[in-house]
1. Given the convex hull over the Cα atoms of the stretch 71-133, what projected area results after averaging over all orientations, in nm²?
2. Hey, what do the phi angles of the stretch 82-98 turn into as Karplus ³J(HN,Hα) couplings, whole Hz, using 6.51/-1.76/1.60 and θ = phi - 60°, x for Gly and Pro?
3. Give the average over all directions of the projected area of the C-alpha convex hull of the stretch 14-161, one decimal, in nm².
4. Rounded to whole Å, give me the distance from the Cα center of the stretch 49-73 to that of the stretch 388-421.
5. Which residues does a label at A17 reach in the stretch 398-431, if reach means a backbone N under 18 Å from a point 7 Å past the Cα toward the Cβ?
6. Helix-only mean residue ellipticity at 222 nm, the chain, DSSP H runs n ≥ 4 weighted -39,500 (n - 2.57), per residue, nearest 500. What is it?
7. Starting from the Cα gyration tensor of the stretch 173-307, take the square roots of the eigenvalues, sort them a ≥ b ≥ c, and report rounded, prolate or oblate (rounded when a/c is under 1.5, otherwise prolate if a/b is larger than b/c, else oblate).
8. Check which residues have an amide H placed less than 5 Å from V24's amide H, if you skip close sequence neighbours.
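The values are calculated or read from the model by the stated rules, or taken from the named source; none is laboratory data. Since the structure is predicted, the reported quantities are computational estimates derived from the model, not experimental observations. Virtual Cβ from ideal backbone geometry, glycine too; neighbours counted across all protein chains shown. Ligands, DNA and RNA are excluded from the accessible area calculation, which covers all protein heavy atoms including side chains. Shrake-Rupley method; radii C 1.70, N 1.55, O 1.52, S 1.80 Å.
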Amino acid sequence: MSHSTAARPLTARSGTALKGRVTVPGDKSISHRALMLGALAIGRTTVSGLLESEDVLNTAAAMRAFGARIQRDANGLWTVDGAGLGSLVEPETVIDYGNAGTGVRLALGIAGTHPIAATFTGDASLIKRPMGRVLEPLRMMGTRVISRSGDRLPLSVHGPGTPAPISYRVPVPSAQVKSAVLLAGLNAPGQTTVVEPIPTRDHTERMLAGFGATIQVDHDDTGGRVITVTGQGELQPQDVTVPADPSSAAFPIVAGLIVPGSEVTVADVLLNEHRTGLLTTLQEMGADLEITNIRETGGERLGDVRVRHSRLKGIEVPADRAPSMIDEYPVLAVAAAFAEGTTTMLGVEELKVKESDRLAAVAAGLRVNGIECEEGESTLRVHGRKGPIGGGTVTTHLDHRIAMTFLVLGLAADRPVTVDDGGVIATSFPTFETLFAELGGDISETGEQAA
């Protein structure tokens, strides 16, 4: 969403049980990568189930700027015609990635080892977010960078004639940094290696293998993962089916657990082991949650998640679970508000460098709605409700997940909950309001009320 777009406040109200079977949009992480690897392959890749959100559409526009031919037919099938590694053309204009942090960081990796210049920018939120973690290894590979102070957008990269393959140990768990280095390594001679002490989501490794890249995954003596890609090969086009995004599925799942009388099934949810931390946590809290119809497509597991309204209890969520659910902590905090006792989330410092400082934004949103919580440098502690909650207006800070999180709170709260801008939701979940209306939820523009 452009920072110049007028804010669109939304209000959620309780009163109706949520019932039904729904499908959330396709996984954002896989959607980004399918377009990117399709653009780097030789020939035509097809993508079905692509998440058609602003973030992903910005990646499609970026890959077109680099020379790929990308189209969508009337049935929603996307085709990507790529010319192969080393074939990127220099973009004629600045690439505006809007709010897409994942997209721009991965695109920096791709562009950074091609002998072209490219300039990237973003919206009011994205230009505040740090890019240094990605730029550090790219500089080691020979990429020249011109950026604002703090390595923030807008910035320009110019790839070297001959990139240097590197071995890079990721200092903090980050699938984005890992992926950027691996994608950069595709166009470098020899082997590029990423060592991650704590495993993160592995969509890039799985999809690289699917597209025919020479990639090897090992483990070191401490249990960390060592991923090596051999560069300057050829990628083969693929037919990709994108499973439903577990980060988007989290919102109807939690809503079904906290709204009395509800029973909700979310179909075709991605069940990659590095993305199921929320489901594990909710089960530990006592959620009535069942996963059925488990199957595999494109190297990824998926299944249907069915939940019923449950009496939840507070727990301690271990720090080592953070990489598998970093985007789901905000909505987990809402589930914790309806749990008996206290829920303590450890190792959540990465929330501070998301689309907003999510740790601070979640805590502020909880407090303005009467929910007690304490935030630390790397912790969030939420106390289950002790009286009526709701009635507050939440500042989203241009963050789609903050907006959706507190609308879910409003569906179960004693008083309506308003978010200052629901328009930002389109960056990842453009059908959010429609989906909850199908389930019976009352979410409407502030000042209006559903009939």
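1. Values: hull surface 22.8 nm².
Taking a quarter of the hull surface, the average projection is 5.7 nm².
2. Running phi through 6.51 cos²θ - 1.76 cosθ + 1.60 with θ = phi - 60° gives x, 10, x, 4, x, 9, 4, 9, 6, x, 7, 9, 5, 8, 9, 8, x Hz.
3. Working: hull surface 44.5 nm².
Over all viewing directions, the stretch 14-161 projects a mean Cα-hull area of 11.1 nm².
4. First find each Cα centre; the distance between them is then 31 Å.
5. From the stretch 398-431, the list is 411-413.
6. Numbers: 12 runs with 127 residues, N = 451.
That comes out to -8500 deg cm²/dmol.
7. Details: a/c = 3.13, a/b = 1.99, b/c = 1.58.
Prolate shape, in that a/c is at least 1.5 and a/b is the bigger ratio.
8. Residues meeting the amide H criterion: A267.
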